[in-house]
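Reading through the structure tokens given below for one structure.
The values are calculated or read from the model by the stated rules, or taken from the named source; none is laboratory data. Remember, predicted model here, so these are calculated numbers, not experimental data. Positions of Cβ are backbone-derived with ideal geometry, glycine not excepted, and every protein chain shown enters the neighbour counts. To get the accessible areas, we keep the full protein, side chains included, count just its heavy atoms, and leave off ligands, DNA and RNA. Shrake-Rupley method; radii C 1.70, N 1.55, O 1.52, S 1.80 Å.
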Amino acid sequence: ATTTTTTTTTAAPATTTTTTTTTLAPRNGSIAVSSSIAGHLPARATGQWTFTPTDRRSLTVSVASSDFYSRIKVYDPDAVLRRTSVATGSRGSSVLVLSGDLCVDGEYTIVVDSRIDYQSGDYTLTVTPGGVLWDSANPSC
């Protein structure tokens, strides 16, 4: 993902406007909640997958690979980064997407890449439901 931030300041009366735009990588396809999909990550590239949650239930997004140390980023429909995870001691990683992160209706984006630019290889992406449904006890929506 590419993020560009522009800040504009005007003279008296002083006003400042900041605009942030995130452009996501080309899309590989979509993945359903409660499923897995195979992908291939070229060196210095990203994999982009989309999903649409059917409720506000927490999700676990995981990547399994023996070829590279993965990084996962989850963006909401407005291209706002909601969660990220980086593999540390082993190849592959996972991130828990909390119910409060799924407040915006629409298509969410999962970006998979390597934390080391030159690594590449095959991987399996899995989206698993878990946790409790959002309710009034969760003030993040």
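General remarks:
- Accessible area of Asp67 in the full protein assembly, 1.4 Å probe (Å², nearest 10): 60 Å²
- Taking all protein chains as shown and a probe of 1.4 angstrom, Tyr69 keeps an accessible surface of around 50 Å².
- Less than 5 angstrom separates the built amide H of Ile116 from those of Tyr69, all sequence-distant by 5 or more or on a different chain.
- Of the residues Val33, Val111, the one with the largest accessible area comes first in the ranking Val33, Val111, computed with a 1.4 Å probe on protein heavy atoms.
- Gain on full stretching of the segment that runs from Thr124 to Ala32 - 0.36 nm per residue minus C-alpha separation: 31.8 nm
- Database remark: amide H of Arg83 closer than 5 angstrom to the amide H of Val74 (H placed geometrically; neighbours at sequence offset of 5 or more, or on other chains; Pro and chain starts carry no H).
- Arg44-Ile116 pseudo-label distance in nm [points 7 Å out on the Cα-to-Cβ vector]: 1.7 nm
- Cβ-defined net charge surrounding Ile110, 10 Å radius [Lys, Arg +1; Asp, Glu -1]: +2
- Amide H within-cut-off set for Thr46, under 5 Å, with H built and near neighbours excluded: none
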